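A short worksheet on the structure shown next.
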Amino acid sequence: MWHWQTTELGEFLTCDLLSPFRHGFFSRAWQGQPLATLTAALGTDDAMPLRTQQVHGNRVVLASDVLAAPSRLEADALVSTEVNQALWVCSADCVPLLIGDPVTGQVAAIHAGWRGTAAEVAKQTITQMQALGSKLAHLRVVLGPAIRGDVYQVGLNVAYALAATVTPQVEATMTAAALYERLAALDAAVAFPDPDPQRLRVDVARVNWLQLRQLGLAESQMAVSPYCTYRDTAFFFSYRRERQKQVQWSGIIS
């Protein structure tokens, strides 16, 4: 389902689930290249590249708002409003989500860090797409390369915030072991024990996946990248690994 596309400038990853749309999760080799160059690598010279100022929240904006704004809008999700709009998000360990609706041709790009995930940015984005005419059953959602849960150690406050979005039975007094058991009962891939009793390891991409399953999307409508930004050093930057503000881009064209 996942394929590396190779160009003179570097590689980018595509997913068969989004095959009706030109899209890509770009590797670290593209660092410093303008979005126009990345957009052209997807096979078009006339699509309009659009982005926001990401702030780790759940604000969703329309492409038409971005085009009309005098300065870059602060938001972590972007939804297309016309044909041939290239929507871009950047990430290092956070989860990039690309969404396509083959019926309407509408697309969305989302940056979901743990804060945005706790604020359910993906669900907010789908609500906006539905307001513009998309039906839940038509959507295809691909979650790109991000840090995997077995290496993503978080404090219990973060684990509580994420867990509360997928199970109502979470209490701030729960131990890490109890919280792990609660999450593992939902999905074995969403949480992992940590040697530190005040910490847990959580897969943020899988939390997003669970949120969307609970929203009503079928498993066949979603795909999660097998790549880990922390481990796959040849292809991806990782803030958790390198402690440097470097990113890779993910984009999709309506």
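The values are calculated or read from the model by the stated rules, or taken from the named source; none is laboratory data. Quick caveat: nothing in here was measured; it's all calculated off a predicted structure. Methodologically, a virtual Cβ is constructed for each residue, glycine included, from the backbone with ideal geometry; neighbour enumeration extends over all protein chains shown. These area figures cover heavy atoms from the full protein model, side chains too; ligands, DNA and RNA do not enter into them. Shrake-Rupley method; radii C 1.70, N 1.55, O 1.52, S 1.80 Å.
A few remarks follow.
- Comparing Val166, Leu212, Gly24 along the charge dipole axis of the chain, the residue lying farthest to the positive side is Val166, per the Cβ-charge model.
- Sorting Met174, Met48, Met129 by solvent-accessible area of protein heavy atoms yields Met48, Met174, Met129, largest first, with a 1.4 Å probe.
- In the chain, the longest principal axis of the Cα atoms and the axis of helix 204-215 are about 80 degrees apart.
- Mean separation of Cα contacts under 8 Å (6+ apart) over length of the chain, as relative contact order %: 24
- Kirkwood Rh in Å, taken over all unlike Cα pairs in the chain: 18.2
- Rolling a 1.4 Å probe across all protein chains gives Glu171 an accessible area of roughly 120 Å².
- Of the residues Glu120, Glu219, ranked by 1.4 Å probe accessible area with the largest first, the sequence reads Glu219, Glu120.
- Secondary-structure-derived ellipticity at 222 nm for the chain, considering helices only, amounts to -7000 deg cm²/dmol, per-run term -39500 (n - 2.57) for DSSP H runs with n ≥ 4.
- Inter-part distance where region 80-128 and region 188-254 are each reduced to a Cα centre, Å: 15
- Helix axis angle, 121-131 relative to the chain longest principal axis, alpha carbon, degrees: 50
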